[in-house]
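In what follows, a structure is listed as structure tokens, so that the remarks can point back to it.
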Ligand SMILES: *Cc1c(COP(=O)(O)O)cnc(C)c1O
């Protein structure tokens with residue numbers, strides 16, 4: 001049996017090695033390392049794939065969030081509502097820009113923003129909402145967009161974990177996550193569903209004026225060469241990464257399908273076991289299983305993590321400390337926020353290995369070890 005990893009990037013690379021190696025060598029030969037042709041090609045292909053008008057590549061998913069908030073002209077003290085149950089980047093950039101993060105509860109079954117909690121958290125200072133499509137399925141965008149519309153708020157979708165996932169709107173139209181809000185952002189960190197061989201990110205919008213502001217901000221606020229109209233930053237996707245990502249984009253559906261079959265095996269194995277909640281997929285969503293996450297009740301989660309490690313099965317806790325309990329936000333009084341579902345989930349979630357290269361014998365071994373521990 002191949003050693004089990006949370007993600008197996010090496011075996012995935014070996015399956016596409018000849019194509020990747022050629023693309024990388026072509027970039028080296030062209031020496032157009034910055035803004036080479038593959039960057040625009042990849043952006044165009046990603047726009048087509050997601051059904052969005054404007055895709056602006058940038059250096060990473062954290063920058064994508066930061067640039068999105070800068071482009072919306074948010075001012076110090078403005079409130080931005082985000083879940084606390086997310087990766088730190090979502091909330092960190094809010095504070096970095098001098099905005100005030102307001103943490104809200106997630107749904108215990110989908111791990112995504114709870115629209116009822118969202119509506120309660122809105123104040124006259126609220127300017128934007130940042131739903132996170134956590135673990136690979138969409139937050140309830142229709143409800144979130146309706147609330148945002150009623151209160152005149154921007155919506156920035158953090159789509160770092162769900163690229164390729166579908167969401168069904170109330171009118172029945174099916175759309176890709178990241179294309180529904182005012183702005184969508186994503187990450188091409190190597191372990192993401194569409195991952196490069198280094199850092200990368202992108203920003204999505206359907207709005208032409210916003211797209212041009214975003215493009216300017218990502219490039220030193222430059223309107224034409226050496227004329228800087230806005231305070232911006234320097235955030236680019238390397239040509240090498242774009243060339244690699246373009247090859248992997250062609251396989252994204254196939255990769256997400258491979259993840260779904262791993263999830264289906266886990267679901268079948270763990271169905272109906274007392275105290276084990278398998279992932280719930282909300283109606284109208286497709287899940288792309290960036291993570292396969294169980295919620296354990298009355299089962300020693302940390303004991304399972306330990307048992308698996310002793311049997312060569314990695315597992316992860318995403319995330320061991322919710323944002324509102326991070327020291328980073330102590331000065332905001334964030335720890336006083338009462339988020340019982342978030343705290344409850346934090347103590348009970350565990351993510352199992354899931355990737356595009358999983359063998360049946362690896363899956364059997366993981367499932368066997370989980371069941372052995374639970375039935376002990
Ligand atoms: C990975 C991730 C990010 C940040 O992406 P980077 O490319 O690592 O900066 C932001 N939000 C979420 C939910 C993520 O999973």
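Evaluation of residue 87 against the conditions (1) more than 18 Å from residue 238 (Cβ to Cβ); (2) modelled with pLDDT of 95 or more; (3) more than 16 Å from the ligand (Cβ to nearest atom) shows that the sole unmet condition is (3).
The lone criterion from (1) within 16 Å of the ligand (Cβ to nearest atom); (2) touching a residue at least 40 places away in the same chain (Cβ under 8 Å) left unmet by residue 94 is number (2). Of the strands (runs of 3 or more DSSP E) contained entirely in the stretch 153-200, those carrying at least 3 residues that are near the ligand (Cβ under 9 Å from one of its atoms) fall at 183-187. So is residue 314 surrounded by fewer than 19 Cβ atoms within 10 Å (Cβ to Cβ), within 19 Å of residue 87 (Cβ to Cβ) and touching a residue at least 24 places away in the same chain (Cβ under 8 Å) or not? Considered against the rule, which asks whether it is surrounded by fewer than 19 Cβ atoms within 10 Å (Cβ to Cβ), within 19 Å of residue 87 (Cβ to Cβ) and touching a residue at least 24 places away in the same chain (Cβ under 8 Å), residue 314 comes out as yes.
Yes/no matrix, rows are residues, columns are (1) outside any helix (DSSP H, G or I); (2) touching a helix residue (DSSP H, G or I) at 6+ places or on another chain (Cβ under 6 Å); (3) in the same structural domain as residue 55 (by TED's automatic domain parsing); (4) modelled with pLDDT under 95:
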{"site": "212", "(1), (2), (3), (4)": "no, no, yes, no"}
{"site": "216", "(1), (2), (3), (4)": "no, no, yes, no"}
{"site": "232", "(1), (2), (3), (4)": "yes, yes, yes, no"}
{"site": "236", "(1), (2), (3), (4)": "yes, no, yes, no"}
{"site": "266", "(1), (2), (3), (4)": "no, no, no, no"}
{"site": "269", "(1), (2), (3), (4)": "no, yes, no, no"}
{"site": "272", "(1), (2), (3), (4)": "yes, no, no, yes"}
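For the stretch 113-143, the set of residues classified as within 16 Å of the ligand (Cβ to nearest atom) and out of contact with any strand residue (DSSP E or B) (no Cβ under 6 Å at 6 or more places or on another chain) consists of 133, 134, 136, 137, listed by residue number. For the condition at pLDDT below 95 and over 11 Å from the mean Cα position of the chain (by Cα), residue 170 does not qualify. Evaluated against (1) touching a helix residue (DSSP H, G or I) at 6+ places or on another chain (Cβ under 9 Å); (2) within 30 Å of residue 59 (Cβ to Cβ), residue 330 falls short on exactly one condition, (1).
Contact annotation: residue pairs with Cβ atoms under 8 Å, 6 or more positions apart or on different chains, pairing a residue in the stretch 267-289 that is at positive phi with a partner that is part of a loop (DSSP other than H, G, I, E, B), are 275/297; 275/298; 275/299; 289/279; 289/354.
Listed here are the residues, each with its yes/no results for (1) surrounded by fewer than 21 Cβ atoms within 10 Å (Cβ to Cβ); (2) over 26 Å from the mean Cα position of the chain (by Cα); (3) at positive phi.
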{"position": "320", "(1), (2), (3)": "yes, no, no"}
{"position": "337", "(1), (2), (3)": "yes, no, no"}
{"position": "343", "(1), (2), (3)": "yes, no, no"}
{"position": "353", "(1), (2), (3)": "no, no, no"}
{"position": "361", "(1), (2), (3)": "yes, yes, no"}
{"position": "364", "(1), (2), (3)": "yes, yes, no"}
{"position": "376", "(1), (2), (3)": "yes, yes, no"}
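The residues of the stretch 291-311 that are free of Cβ contacts under 8 Å to residues at least 60 places away in the same chain and either farther than 21 Å from residue 112 by Cα or assigned to a helix (DSSP H, G or I) (or both), listed by number, are 298, 300, 301, 302, 305, 306, 309, 310, 311.
The values are calculated or read from the model by the stated rules, or taken from the named source; none is laboratory data. Since we're looking at a predicted model, the values are computed, not measured. Neighbour counts run over all protein chains shown; Cβ positions are idealised from the backbone, glycine included.
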